[in-house]
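Can you read through this structure? Questions will come right after.
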Amino acid sequence: MDGVVGYLVSVVVIPALVAAVVASIALVTPLRRRAWAVECFPAMAVALAFLVSFTNELGWTAVARQVVTIEGDDAPFERWHRLGLAALVLVVLSMVVAAARSAAPKGDARIVSIASLAVASGLAGVFVPFPQPTLLKQLGLAALVLAAGVALPLAGGAIYWIAWGAFGIVAALAGLGGFASLAVMCGAVSVASLLVAILAALGGKFAKDAKPIEATGAPLVVCAVMIALAARCGDAYDQSQTPDWLWWLVPLVPGFALIFTKQALRAPSIAAATFWRTLGAALAGVAILGAALTIDASRGTGKSDADDPYADMYGG
Amino acid sequence: MTIMRNALLVAALVAAPISLAPLMAFAPHASQNAAAPTSASTITMDPIHSMAIFRVQHLGAGYFYGRFNELTGTATWPLDDSAAPSFDVTADVAKVDTGSGKLDGNLQGPNFFNQAEFPTIQFKSKSAERVGERHWKVKGDLTLRGVTKEIEVDCTVSGIGKGPTGQKVGFECMFTIMRADYGMKWGIEAPKGALGNEVRMTISLEGDVAKAAG
């Protein structure tokens, strides 16, 4: 197999397919009638897509190195590798949150969601420092997770469709910024989210008493944390001209579902409402990408004869 | 006749020390050179004229060359080559130059040099072994992406010259590393064969002599 094709199969296609299989356990089986399963498996699948992509590229040692010293391992400790550990934690957390919400007395499930998001935000702020971390940056990261957590519920049932777009934007920006690994990992999550969204739509159409997809609980925590961490990571290592504020806008993309709320609320079907919500977020995503490409093109690479310190070395 | 012979003998005895003096003065100096080297000069790198060229195979086909501009640091070396040179040289990852801004960005990113976390590459020599005249095998530690490994560098004094600011010394050093040893694995196995593992480095250093030998 061609090197690049093999690589993309390993780090994008396989992780997305693994995610689809995991999500399908709840989405296209009788478990579709169980709210906890519909909450847990698709959310876990999204986190799993990142984890499988990460380990397929860097191996499990890159995750293990974050928490233990491995004998004979002299590879450098790189801060962005903490994303792999974060994905592993989110796989576990998706199960814990779904179980806690399922076990909570009626009415308290919402409190569990908010508390889980707050805890996840705090953990991200404390345990995921990117290069040159400062207290302000870590507080900013925690705030970004919370902001994404506030924006995502506006996506409603379109959460996985919108996650498809949001992770796609991070992948594109990371590619633009010279960070191929983050680009393919977010690409894997984006494709996984798309497959989950399709499976959710198909399962909802054909299963009796199917529980709907909701932007709360486990999906909320997983998507909010992952989008915020991926965007912040991309920003921290960015080698392009993309300004910080554009990166920080990406986790808020789901909130732009609000643009077509009226149409979504009046929509005759769930599919139509999902379309309107996704459209709002998609427009925001396209605007972000367009802005990034325009800024990058207008600022150029900073390389010109005028900037060349050697331009006059021969007296020219 | 006897008087004449005696006069010549006296003249020879008087002249001998005078004519041998330069030779006698030279002899102990030469042996001193062999036993105790003259003090080494400190050479401060001139960043404009110090650079590193790297070579790596692309897609299993052609060789791709790039360079690090503006190397900084110091070397010490007695200009009469009576002792080994030592080096402490730093390359700034921000100064990588492939001729393409996009490619520079890729190389500075986390998949390669990871400038955000490891902004410099450093070589510090530890020992050296003479190979020939002004030619040394220098052993030292190369720190790249936070990983320090001992390497052997083939180092030649390329010349001693004089510029407007004073005496200058040039070195040309070469070594080869496997980039995977430093955690720079992208493109070796994944994507397979995109970029080679072996990186050949040629480093050209030019520095200003701060202290004359002697």
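The values are calculated or read from the model by the stated rules, or taken from the named source; none is laboratory data. Since the structure is predicted, the reported quantities are computational estimates derived from the model, not experimental observations. Backbone-built Cβ (ideal geometry, glycine too); neighbour counts: all protein chains shown.
So which helices (runs of 4 or more DSSP H) stay within the range A:50-157 end to end and still have 1 or more residues that are in contact with a Ser or Thr (Cβ under 6 Å, 6 or more places away or on another chain) and either acidic (D, E) or more than 23 Å from B:A116 (Cβ to Cβ) (or both)?
Numbers: elements: A:61-64, A:82-103, A:109-127, A:135-151.
So the answer is A:82-103, A:109-127, A:135-151.
Could you list all residues from the range B:164-193 that are farther than 30 Å from A:A62 by Cα and free of Cβ contacts under 8 Å to residues at least 24 places away in the same chain? Walk me through it before giving the result.
From the range B:164-193, those farther than 30 Å from A:A62 by Cα are B:164-174; that's our starting set.
B:P164 - this is the single residue of the range B:164-193 that is farther than 30 Å from A:A62 by Cα and free of Cβ contacts under 8 Å to residues at least 24 places away in the same chain.
Does A:V170 qualify as being under 23 Å from A:W245 (Cα atoms), in a helix (DSSP H, G or I), more than 14 Å from chain B (Cβ to nearest Cβ) and in contact (Cβ under 8 Å) with a residue 40 or more places away in the chain?
On the way: under 23 Å from A:W245 (Cα atoms): yes; in a helix (DSSP H, G or I): yes; more than 14 Å from chain B (Cβ to nearest Cβ): yes; in contact (Cβ under 8 Å) with a residue 40 or more places away in the chain: yes.
For A:V170, the condition - under 23 Å from A:W245 (Cα atoms), in a helix (DSSP H, G or I), more than 14 Å from chain B (Cβ to nearest Cβ) and in contact (Cβ under 8 Å) with a residue 40 or more places away in the chain - is met.
Considering only the range B:73-90, how many residues are surrounded by fewer than 19 Cβ atoms within 10 Å (Cβ to Cβ), of a type outside the set (S, T, Y) and within 10 Å of the chain's Cα centre (by Cα)?
1
Scan the range A:36-60 for residues that are within 14 Å of another protein chain (Cβ to nearest Cβ) and either modelled with pLDDT of 95 or more or under 26 Å from A:A218 (Cβ atoms) (or both) and jot them down.
Initially, the range A:36-60 is screened for residues within 14 Å of another protein chain (Cβ to nearest Cβ), giving A:52-59.
Once the filter is applied, which keeps residues that are within 14 Å of another protein chain (Cβ to nearest Cβ) and either modelled with pLDDT of 95 or more or under 26 Å from A:A218 (Cβ atoms) (or both), the range A:36-60 yields A:V52, A:S53, A:F54, A:T55, A:N56, A:E57, A:L58.
Tell me whether the range A:177-187 contains one or more residues that are away from chain B (no Cβ under 14 Å), in contact with a helix residue (DSSP H, G or I) (Cβ under 9 Å, 6 or more places away or on another chain), within 26 Å of A:G125 (Cβ to Cβ) and modelled with pLDDT of 95 or more.
Of the residues in the range A:177-187, the ones away from chain B (no Cβ under 14 Å) are none.
Within the range A:177-187, not a single residue is away from chain B (no Cβ under 14 Å), in contact with a helix residue (DSSP H, G or I) (Cβ under 9 Å, 6 or more places away or on another chain), within 26 Å of A:G125 (Cβ to Cβ) and modelled with pLDDT of 95 or more.
From the list A:V63, A:V92, exactly one residue is away from chain B (no Cβ under 13 Å) and either touching a Cys at 6+ places or on another chain (Cβ under 8 Å) or surrounded by fewer than 20 Cβ atoms within 10 Å (Cβ to Cβ) (or both). Which is it?
Going through A:V63, A:V92 in turn, the sole match is A:V92.
Could you count how many residues in the range B:81-103 are within 14 Å of chain A (Cβ to nearest Cβ), at pLDDT 95 or above and out of contact with any Gly (no Cβ under 8 Å at 6 or more places or on another chain)?
Of the residues in the range B:81-103, 4 are within 14 Å of chain A (Cβ to nearest Cβ), at pLDDT 95 or above and out of contact with any Gly (no Cβ under 8 Å at 6 or more places or on another chain).
Could you count how many residues in the range B:142-160 are within 14 Å of chain A (Cβ to nearest Cβ) and not hydrophobic (A, V, I, L, M, F, W, C)? Even if it seems obvious, please write down each step before you answer.
Taking the range B:142-160 as the starting set, the residues that turn out to be within 14 Å of chain A (Cβ to nearest Cβ) are B:142-150.
Filter once more, so that each one left must be not hydrophobic (A, V, I, L, M, F, W, C): B:143, B:145-146, B:148-150.
Total satisfying the criteria: 6.
Taking the stated definitions as given, is B:T72 touching a Pro at 6+ places or on another chain (Cβ under 8 Å), under 15 Å from B:C173 (Cα atoms) and without any contact (Cβ under 8 Å) to a residue 40 or more places away in the chain?
yes
Against the definition (within 13 Å of another protein chain (Cβ to nearest Cβ), surrounded by fewer than 24 Cβ atoms within 10 Å (Cβ to Cβ) and not basic (K, R)), how does A:V21 come out, yes or no? Before the answer, list the steps.
Numbers: within 13 Å of another protein chain (Cβ to nearest Cβ): no; surrounded by fewer than 24 Cβ atoms within 10 Å (Cβ to Cβ): yes; not basic (K, R): yes.
Criteria not met by A:V21.
Return the residues of the range B:56-70 that are away from chain A (no Cβ under 14 Å) and within 26 Å of A:S240 (Cβ to Cβ); say none if nothing qualifies. Break it down into steps so the answer makes sense when it comes.
To start, the set of residues in the range B:56-70 that are away from chain A (no Cβ under 14 Å) comprises B:56, B:62-65.
Of everything in the range B:56-70, those that are away from chain A (no Cβ under 14 Å) and within 26 Å of A:S240 (Cβ to Cβ) turn out to be B:V56, B:F64, B:Y65.
Still on this model: Only one of these conditions is not met by B:A180: (1) more than 14 Å from the chain's Cα centre (by Cα); (2) not in a helix (DSSP H, G or I). Which number is it?
(2)
So, in the range A:195-209, of the ones that are among the small types (G, A, S) and within 26 Å of the chain's Cα centre (by Cα), which residue ends up surrounded by the fewest Cβ atoms within 10 Å (Cβ to Cβ)?
Taking the range A:195-209 and keeping what is among the small types (G, A, S), we get A:197, A:200-201, A:203-204, A:207.
Pick out the ones that are also within 26 Å of the chain's Cα centre (by Cα) and you get A:197, A:200-201, A:203-204.
Details: A:A197: 24, A:A200: 26, A:A201: 18, A:G203: 22, A:G204: 20.
My answer is A:A201.
Do the conditions hold for A:R33, that is, is it basic (K, R) and away from chain B (no Cβ under 14 Å)?
Details: basic (K, R): yes; away from chain B (no Cβ under 14 Å): yes.
For A:R33, the condition - basic (K, R) and away from chain B (no Cβ under 14 Å) - is met.
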